1. I need the GluC sites (Glu not before Pro) found in region B:56-134, filtered to DSSP loop residues with at most 13 other beta carbons within 10 Å of theirs.
2. Heavy atoms of the protein only, probe of 1.4 Å, neighbouring chains included. What is the accessible area of B:ILE198 in Å², nearest 10?
3. Which value in Å is the Kirkwood Rh of chain B over different Cα pairs?
4. Around B:HIS63, which amide H atoms from residues at least 5 apart in sequence, or from another chain, sit under 5 Å from its own amide H, with H modelled in the peptide plane?
5. For chain B, what is the mean residue ellipticity at 222 nm derived from helices alone (per DSSP H run of n ≥ 4: -39500 (n - 2.57); sum divided by total residues; nearest 500 deg cm²/dmol)?
6. Once the Cβ-Cβ distance between B:GLU86 and B:ASP37 is put in as r, and R0 is 22 Å, what FRET efficiency do you end up with, to the nearest 0.05?
7. Enumerate the amide H contacts of B:HIS177 below 5 Å, restricted to partners 5 or more residues apart or on another chain; note that Pro and chain-start residues carry no placed amide H.
8. Output wanted: per-residue J couplings in Hz (rounded whole) for region B:193-201, from phi through Karplus 6.51 cos²θ - 1.76 cosθ + 1.60, θ = phi - 60°, x for Gly and Pro.
Amino acid sequence: MALRLWASSTANVLKLSSAACRTHHLSSPFSLSRCFSTVLDGLKYANSHEWVKHEGSVATIGITDHAQDHLGEVVFVDLPEPGGSVKQGGSFGAVESVKATSDVNSPISGEIIEVNASLKETPGLINSSPYEGGWMIKVKPNSPAELDSLLGPKEYTKFCQEEDAAH
Amino acid sequence: MTLRYTYDLNYLIFKHMGMRVLRSLEVLKLGVVNYLDALKLQEKLVLDRKSHRICDTLLSLQHPPTYTVGKRQTVHNLLIPQSELEQIGAELHYTQRGGDITFHGPHQAILYPIISLRDMGIGARSYVEKMELTMIEMAAQYGVKACPGLAGETGVWVGERKIGAIGVRISNGITSHGLAFNIDPDLSYFRHIVPCGIADKEVTSLRRETDSVLPPEEIMQEQLVSCFARIFGYDNLIWKEDASVVTDGTE
């Protein structure tokens, strides 16, 4: 009996996420697009809401659409100098929005080869273009196997929905 | 990663089955605490919260006269030379929080929540909005109509006058720093800064905005904590009064 209850609850849980979203639509007309943040194919994701694009020997890193939406307008970006190194899960910088400074963590380990200088003048690129113009650092990965421990687009989408529904 | 997924799924299942998960908040009433001591305590608590050694925790305190700047180091908004700070009995500290320059002092109620935004399922923007609501509700209890700031002016305002400030740090989804609500601080200290980097706007206090009789400050701090707990949905409050926790483990 308990097992059946658990099983039907699991099924309902997944429906529950989208039900919560629908109620959200009714309470706020502007949340219609916000409910389903953009998640791109071809990228890998960390559960701390950073993305990484691996192209040959260079990996580009930034924060996701879901992250920038939950942060609000970004007014300041704190980035490291090129030449430094990052560790998977370690903080490499921060973004400031609405009087909150949020640390940004690296999804992979490696050497920082370039940082996005445009973010100094135009920190809002993170909001308007989180996957393109709002990229934060480029890294030479030193452990490509780390990418396997990250989330794919479908898993990350589900993760976001569950995180938003969990309250 | 797998472990966390299972935990969250179980949480959702329990919730769906109507088994309400009790949300606990440990409240530490600390009295007047030096800024650096409070900062060290917060750093320790953030690590403890991150490794699940403690539940969501809230520090309720006041500071001696202290100016602080945020991560952007906007010390140009301090209008007197740093060498004169000692003469007026104040300190200056650089911090990692968001926000501009501000002043903390006696008779200003401060809350530093050390909570997991991930467990709560909210982001920075929603967190800051709830912090604003906490202070708005507090002001309302004394008949003062306060409202959140316009875009770019986070904080709590009574008309054009600022009654509450917010500056927060979020690290691995755990918050530190927080809010400051002006009960009756010495507002002349604010003349030495461009508060929060917003020129031409006054700073005010609850004392200035209401004719109501104000109860003892300890009661008011508790009321502020209750507003916070209500808005953030905590149903189990564990109150602790132990000033020694500030120096334990920070030596």
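1. Details: sites: B:GLU84, B:GLU86, B:GLU91, B:GLU129, B:GLU132; in loops: B:GLU86.
Passing both the DSSP loop test and the Cβ count: B:GLU86.
2. For B:ILE198, solvent-accessible area is about 30 Å².
3. Values: mean 1/r = 0.0531 Å⁻¹.
Taking every pair of different Cα atoms in chain B, averaging 1/r and inverting gives 18.8 Å.
4. Close amide H contacts, sequence-distant or interchain: B:VAL33, B:GLY105, B:GLN108.
5. On the way: 6 runs with 72 residues, N = 251.
Per the formula, -9000 deg cm²/dmol.
6. On the way: r = 19 Å, r/R0 = 0.85.
It comes out at approximately 0.70.
7. So B:HIS177 has HN proximity to B:ARG169.
8. Here the 3J(HN,Hα) series is 9, 8, x, 6, x, 9, 6, 6, 10 Hz.
The values are calculated or read from the model by the stated rules, or taken from the named source; none is laboratory data. Fair warning: this is a prediction, and the values are worked out from it, not measured in the lab. Positions of Cβ are backbone-derived with ideal geometry, glycine not excepted, and every protein chain shown enters the neighbour counts. Heavy atoms of the whole protein, side chains included, go into the accessibility calculation; ligands, DNA and RNA do not. Shrake-Rupley method; radii C 1.70, N 1.55, O 1.52, S 1.80 Å.
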